[in-house]
1. Of all residues in the range 196-211, how many are small (Gly, Ala, Ser) and surrounded by fewer than 19 Cβ atoms within 10 Å (Cβ to Cβ)?
2. Only one of these is surrounded by fewer than 16 Cβ atoms within 10 Å (Cβ to Cβ) and without any contact (Cβ under 8 Å) to a residue 12 or more places away in the chain: Gly214, Gly302. Name it.
3. Would you mention how many residues in the range 103-122 are over 22 Å from Ile282 (Cβ atoms) and touching a Gly at 6+ places or on another chain (Cβ under 8 Å)?
4. Out of all the residues in the range 167-178, which are open to solvent by 30 Å² or more (accessible area, probe 1.4 Å) and either in contact with a helix residue (DSSP H, G or I) (Cβ under 7 Å, 6 or more places away or on another chain) or within 17 Å of Ile202 (Cβ to Cβ) (or both)?
5. Does the range 51-81 hold any residues that are open to solvent by 20 Å² or more (accessible area, probe 1.4 Å), of a type outside the set (A, V, I, L, M), part of a loop (DSSP other than H, G, I, E, B) and over 22 Å from Asp26 (Cα atoms), and which are they?
6. Select from the range 179-195 the residues that are buried (at least 17 other Cβ atoms within 10 Å of the Cβ) and farther than 19 Å from Asn109 by Cβ and list them in ascending order.
7. Any residue at all in the range 268-285 that is at pLDDT below 95 and surrounded by fewer than 17 Cβ atoms within 10 Å (Cβ to Cβ)?
8. Quick one: count up the residues across the range 1-23 that are touching a helix residue (DSSP H, G or I) at 6+ places or on another chain (Cβ under 9 Å) and either open to solvent by 60 Å² or more (accessible area, probe 1.4 Å) or modelled with pLDDT of 95 or more (or both).
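The values are calculated or read from the model by the stated rules, or taken from the named source; none is laboratory data. Predicted model only: the values in this text are computed from it and were never measured. Cβ sites come from the backbone with ideal geometry, for glycine too, and all protein chains shown count toward neighbours. In case anyone asks, the SASA skips ligands and DNA or RNA and just uses the protein heavy atoms, side chains included. Shrake-Rupley method; radii C 1.70, N 1.55, O 1.52, S 1.80 Å.
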Amino acid sequence: MRRRRWWRGLWALGLVLTLAPGAPADEAKVLRIVKQPGLGYLQLIVMREQKLLERRLPGVELEWRQLTSGPVIRDAMVAGQLDIGSGGLGPFIQAVDKGLDWKTFGALNEMPLFLNCARADLRSLRDVEPTDRIAMPAIGSIQHVVLQMEAERELGNAKALNHQIVAMSHPDATAAILSKREITCHLTSPPFQYEQLRDSGIHKVFDSYQAVGGPHTFNLTWASEKWVKANPGLARAFVDALREATDFVNEKPAEAARIYVQSEKARSTPEEILAILREPGIRYSTTPTGLVKFAGFMRKIGMVKTVRPSWTDYAVESLHGGSGN
């Protein structure tokens with residue numbers, strides 16, 4: 001009788017372990033995720049601080065890393081150093097064009113990106129002088145694509161200002177423009193662009209919604225199809241956690257702002273970050289927008305060779321029912 005109960009107990013334990021949430025036994029036991037600085041990665045910050053993945057993936061070690069540009073993240077993923085990437089549209093589109101089997105798990109947001117300048121008489125790209133330097137995270141970043149869009153619109157030459165770009169992280173470029181050293185302008189993102197504009201000596205010249213012709217995704221998340229096939233449980237857990245984090249940001253923006261300030265050591269207060277979250281044009285959503293438009297422009301100016309027929313060709317199947325573009 002005791003032996004029978006023991007076997008029944010062992011069978012029940014095995015059933016519980018089989019049905020428990022988490023990655024199957026044959027999937028990776030470490031999940032490496034990367035983000036960049038700023039409010040463009042707020043859902044990932046919430047995901048990390050609220051331990052949304054730990055709840056779904058007991059026994060899986062989570063490694064959170066921070067890098068400063070999409071191209072750097074792209075190279076780290078190619079080198080096998082990361083599992084899930086995040087960044088702007090530009091580096092993602094370039095990676096897919098180069099044959100990498102990447103699909104987006106979902107966008108993070110729509111956000112206008114500002115070109116802020118510290119020279120009072122610089123009111124359009126026509127006013128940029130040869131000695132002016134324009135900071136952004138990297139050549140190939142979404143900011144680089146946006147600058148070329150606006151340069152084509154204003155100057156008739158998309159690449160007219162490429163030689164005046166300086167690669168700097170958003171925090172470093174913010175410090176530089178506020179101290180009026182090294183750079184004249186910064187093509188940036190929230191919250192940095194709004195923090196800069198508190199200085200009366202800084203003004204906005206244009207934003208990406210003007211250059212693109214409307215709202216667009218700023219950042220998205222991605223992984224390789226090979227990794228997803230090998231780790232479907234990890235991928236599913238991440239997608240579910242991303243949706244939960246997006247709902248949290250939209251439903252509890254004040255709490256999300258507090259989490260951001262506390263975890264990121266922001267220069268702004270929670271109240272100031274909340275005000276930024278309520279700025280026109282800022283929206284947190286997992287549906288990609290503007291992806292095909294960016295890809296088409298990048299092909300036009302020679303940054304990529306091909307454009308996929310639909311935005312869904314860049315996305316995992318669970319996103320296909322959305323109204324993306």
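1. Of all residues in the range 196-211, those small (Gly, Ala, Ser) come to 200-201, 208, 211.
Now drop any that are not surrounded by fewer than 19 Cβ atoms within 10 Å (Cβ to Cβ), which leaves 200-201.
So the answer is 2.
2. On the way: Gly214 fails: without any contact (Cβ under 8 Å) to a residue 12 or more places away in the chain.
None of the others qualify; the one that does is Gly302.
3. So the first thing to find is which residues in the range 103-122 are over 22 Å from Ile282 (Cβ atoms), and the list is 103, 118-122.
Filter once more, keeping what is touching a Gly at 6+ places or on another chain (Cβ under 8 Å): 118, 120.
Matching residues across the range 103-122 total 2.
4. Here is the first cut: in the range 167-178, the ones open to solvent by 30 Å² or more (accessible area, probe 1.4 Å) are 167, 171-172, 175, 178.
Those that are open to solvent by 30 Å² or more (accessible area, probe 1.4 Å) and either in contact with a helix residue (DSSP H, G or I) (Cβ under 7 Å, 6 or more places away or on another chain) or within 17 Å of Ile202 (Cβ to Cβ) (or both): Pro171, Asp172, Ala175, Leu178.
5. The answer is Lys51, Thr68.
6. Here is the first cut: in the range 179-195, the ones buried (at least 17 other Cβ atoms within 10 Å of the Cβ) are 183-195.
Result: Ile183, Thr184, Cys185, His186.
7. Narrowing the range 268-285 to residues at pLDDT below 95: none.
There is no residue in the range 268-285 that is at pLDDT below 95 and surrounded by fewer than 17 Cβ atoms within 10 Å (Cβ to Cβ).
8. Looking only at the range 1-23, we keep the residues that are touching a helix residue (DSSP H, G or I) at 6+ places or on another chain (Cβ under 9 Å), and these are 21-23.
Those left that are additionally either open to solvent by 60 Å² or more (accessible area, probe 1.4 Å) or modelled with pLDDT of 95 or more (or both): 21.
Going through the range 1-23 one residue at a time, the tally reaches 1.
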